[in-house]
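A quick write-up on the structure given underneath.
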Amino acid sequence: MRYLLGFVTCSLLVLGTLKAQTPKNSSATDIYHAIEKLNFLGTALFIAAHPDDENTRLIAYLANNVKARTAYLSLTRGDGGQNLIGPELRELLGVLRTQELLAARRVDGGEQFFSRANDFGYSKQPGETLEIWNKEAILGDVVRTIRKFKPDVIINRFDHRTPGTTHGHHTSSAMLSFEAFDLANDANAYPEQLKMTDTWQPKRLFFNTSWWFYGSQEKFKAADKTNLLHMDVGTYYPMLGKSNNEIASLASSQHLCQGFGRLSTRGSEDEYIELLKGDLPEDKSNLFDGIDTTWKRVDGGEQIGDILYKVQENFNFKDPTVHIPELLKAYNLLQGISDVHWKELKSEELTAIIFAISGLHLEAFTQTAYTNPGQEVEVNVQALNRSNIDIKLKSVFINDQKVAIDNEALKNNNLVTKKVDLNIPSATDYTSPYWLIEKGTLGTYKVSNTDLIGKPETPKAFNAKFLVNINGTLIPITRPVVYKYAKPDKGEIYQPFEIVPEATASFADKVLIFADASSKKVPVTIKAHQDSISGTIALGYGKGWKLDTDTQPFSIAKKGDEQTVYFTLSPPSTENESSISPIIKVNGKEITKELVTIAYDHVPTQTVLLPSEAKVVRLNIQKAGENIGYIMGAGDEVPTSLEQIGYNVQLIDPSTITKESLNKYDAVVLGIRAYNVVDELKFKQRFILEYAKNGGTVIVQYNTASRWGAQFENIAPYDIEISRDRVTNENSEVNIIAKDHSLVHFPNEINENDFNGWVQERGLYFPNKWSKEFTPILEMHDEGEEASKGSLLISSYGKGYYIYTGLSFFRELPVGVPGAYKLFSNMLSVGKEKVETKVKIKG
């Protein structure tokens, strides 16, 4: 069994202080909305695979119309997707998408959970997905979430009965949910979890269906709807001043890195859910029908309900403080019930309501964003009572350290401020996402502390614990210690307060390509996270590589400043792949981490500590041409990668493209999804094709055909149709079918071994139809599928060449895959040495 925490953290949508964000001041309407939710004792859990899979319309409806406690369990953090707003990929993208999900939940009123599953990329079959994820581990995470959250109803976003028709992650999420529905109540399933929670049996399991799953609206209209429940989720909330669909649109628009920003929708909208397990509600518009969602479901709750229902019915919007005596009475009664789950949950909600009504403002903040273990930092503790209620601040602790406050009266609108020098214990863990602390597998993150499994974030290391006396009732509340500051152009800003090492080191380039035997100077940047720091730095390196010196000293005067030192690294004489890593020695410690900051306006700033390392690759690579023009699309690191092998890469602003401006380049490359995200290209396409016609080489990387307008029907000089075809197995066999084509011979010989070591996938969104002018170069397929020849197509056009490729160079080049570099170099070099094409294979 779990026990009620000594201090309760408020985290309600409309009332609580948003972690590391500006505190929200609650209106009387907000408070009334929270009381409605307080008086509904029903819980719903929505389950799917990725961030942005969730149905924000349904989550918002359940949270704001039904008033249910609602949460979304995303099995992954979306680590395998692309990023439309910045450079973060893989683990860092997962951190960003986690925060975007939390931002969405702050809008729609839900809560957020995760499993340990790693989004390893697109999967076509759930069998593959569950094998890579480690089914037993992830199934256990779903069971754990159900047992801890205790939902009455579970809703799957996807259908467990249709493997192979959608992303394997999607189907797997539904299959695991279907199985976990019964396992959660089986004491023999994952018995180790029962040390911290209890078994739980949800009442109903649904599938959130729609006409799309039936193939057409006509088929859905004709389908048997006996087991379907229907809800109109387009309702308008006068108390909130928004419709449900407006809230849902704003919530889904938080997924900015996936390009989900969209217009708000309004008006009636139907949602259907199909019963999979449990009893069918008699009222098919109410998924909680027949489930007791009143205070009577809790032993001893009826008396509490009698009080709180009257508060709701007679709520005084002009002066909510008149309800404080009744709310305090209900709070005291609540502390006496035996049901730990409901006591903990409803105490948290009721505390937030009481504090909001009183206008009580409590916070603890520093004026520095971070400090180090073993250091001391000044914390400002503030308390303000903005009512005539009798409130005393009995005590404040920051973790175990007492603040100089002892039963201090909080007079109306009289700010109480105390300062405390907080000691940071030497054993304090560094701030970082808990799922990235240890190395996991391709499909599963490793989390040794099982208490953290399911949580969206690492709990904050330092919290201010306030014990407040309101009219004789002691109520605890916890606020995280945050960093608060102001910027002239943005005003007051709240950020997380973090614990970081004394210094960290990083490489400017995560992959260093040695195209020949020449040595390179490798810059290593050391960043100080405390004043007056000095020490030494060394590089770890692999066999066959050589350094000019073993260690170098450094000394940095000011916190936040950086110093760059240089090591000269010499490669082996033959092709080789290895890695280098910095080792900082300071204050008797060895530090091998780099500090990565993720900062966007729509999410709290994130601090991520990762192993600091760079891949070093000795290649025997040839190239022709020097100057490359690159038109950035959705964002990738291909330009930096090309510079590694000696190309002069210039980023092209599409608005500056003219008839003559491209002539100075040996080749022009369009980044991933350029035609999807760069509207300016619709005005410049003719110049790009004219450049190729006049003797240039144009390389277009993958786009998604469903996301461009009619102006890009012809992105190529000849007919080409982009499909959803992809090869997801990065180890799938690749055959070179245009064996005599210059593209696989000049200036580097390409063979099947050059496709070894690829990561995440072969490629995506391959063309499936093309005109006879195109020559397909490669053939590949996933197991059980027909071979695709659309991954790399080339055609001559006038005096030049046009290449379209869905191969995942944007993944392969940044991680230093040798064969990908050779093939891309050949693409850039095409036409520099004329070789007759002897093989033509029609698509």
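Observations on the model:
- Placing a label point 7 Å from the Cα of S448 along the Cα-to-Cβ direction, none of the residues of region 80-119 has a backbone N under 16 Å of that point.
- Maximal additional length on extending the E660-I85 stretch stands at 204.0 nm, based on 0.36 nm per residue less the C-alpha distance.
- Pairs of Cα atoms nearer than 8 Å and 6+ residues apart set the relative contact order; for region 625-829 it is 23 percent.
- Tilt relative to the chain, helix 818-829 - C-alpha long axis, 0 to 90 degrees, to 10: 60
- Proximity of backbone amide H atoms, modeled 1.01 Å from N, is registered between S579 and G542, V616 at under 5 Å, excluding neighbours fewer than 5 places apart on the same chain.
- Dividing the convex hull volume of the alpha-carbon atoms in region 568-615 by its residue count gives 134 Å³ per residue.
- Average Cα contact separation per residue, region 42-293, under 8 Å, 6 or more apart, as relative contact order %: 23
- For region 42-293, the Cα-based Rg and Dmax, in that order, read 17.5, 51 Å.
- Other residues whose C-beta falls under 13 angstrom from the C-beta of S243 contribute a net charge of -1, scoring Lys and Arg +1 and Asp and Glu -1.
- Residue-span extension gain [K521 to D186] - 0.36 nm each, minus C-alpha spacing: 114.5 nm
- In a simple Cβ point-charge model (Lys, Arg +1; Asp, Glu -1; nothing else charged), region 509-629 has a dipole of about 200 debye relative to its Cα centre.
- As computed over region 527-661, the Cα convex hull volume per residue (Å³): 177
- Modelled spin-label separation between A427 and E376, with each label point placed 7 Å from Cα along the Cα-to-Cβ direction: 2.2 nm.
- Two-site label geometry, N332 and N414: point separation in nm, points 7 Å out along Cα→Cβ: 2.6
- Flagged links, alpha-carbon separation over 19 Å, of K394/K465; K24/K402; K150/K203: K24/K402
- Label point of W211 set 7 angstrom out along Cα-Cβ; within region 248-285, amide nitrogens under 18 Å from it belong to 266-274.
- Here the relative contact order of the chain, from alpha carbon pairs under 8 Å that lie six or more residues apart, stands at 10 percent.
- Of the residues F567, V596, V381, the one whose Cα sits farthest towards the positive end of the charge dipole of the chain is V381 (charges of +1 on Lys and Arg Cβ, -1 on Asp and Glu Cβ, taken about the Cα centre).
- Taking the convex hull of the alpha carbon positions in region 179-282 and averaging its projected area over all directions gives 10.8 nm².
- Exposed-site-free run, longest, the chain (rule: GluC sites (Glu not before Pro); DSSP loop; at most 15 other C-beta within 10 Å): 1-281
- H169, H230 arranged by Cβ crowding within 10 Å, fewest neighbours leading: H230, H169
- The A404 and K558 beta-carbon pair, evaluated with R₀ = 30 Å, returns a calculated FRET efficiency of approximately 0.45.
- Alpha-carbon centroids, region 310-351 and region 396-448: separation in whole Å: 28
- In range of the label at E590: residues from region 472-506 whose backbone nitrogen is under 17 Å from the point 7 Å along Cα→Cβ: 502-505
- Dividing the convex hull volume of the alpha-carbon atoms in the chain by its residue count gives 179 Å³ per residue.
- Panel note: the C-alpha atoms of region 310-376, placed on their principal axes, show extents of 51, 35, 14 Å (largest first).
- Centre separation in Å (Cα based) which lies between region 573-623 and region 269-309: 52
- Subtracting the Cα-Cα distance of D289 and T165 from 0.36 nm times their residue separation leaves 41.4 nm of extension gain.
- Along each principal axis, taking the top coordinate minus the bottom one, the Cα set of region 625-829 gives 45, 37, 30 Å in descending order.
Read the figures in this text as sums done on the coordinates, not as results from a lab. Bear in mind the structure is a predicted one, so any value in this text is a computation, not a measurement. We place every Cβ from the backbone using ideal geometry, glycine too, and count neighbours over all the protein chains shown.
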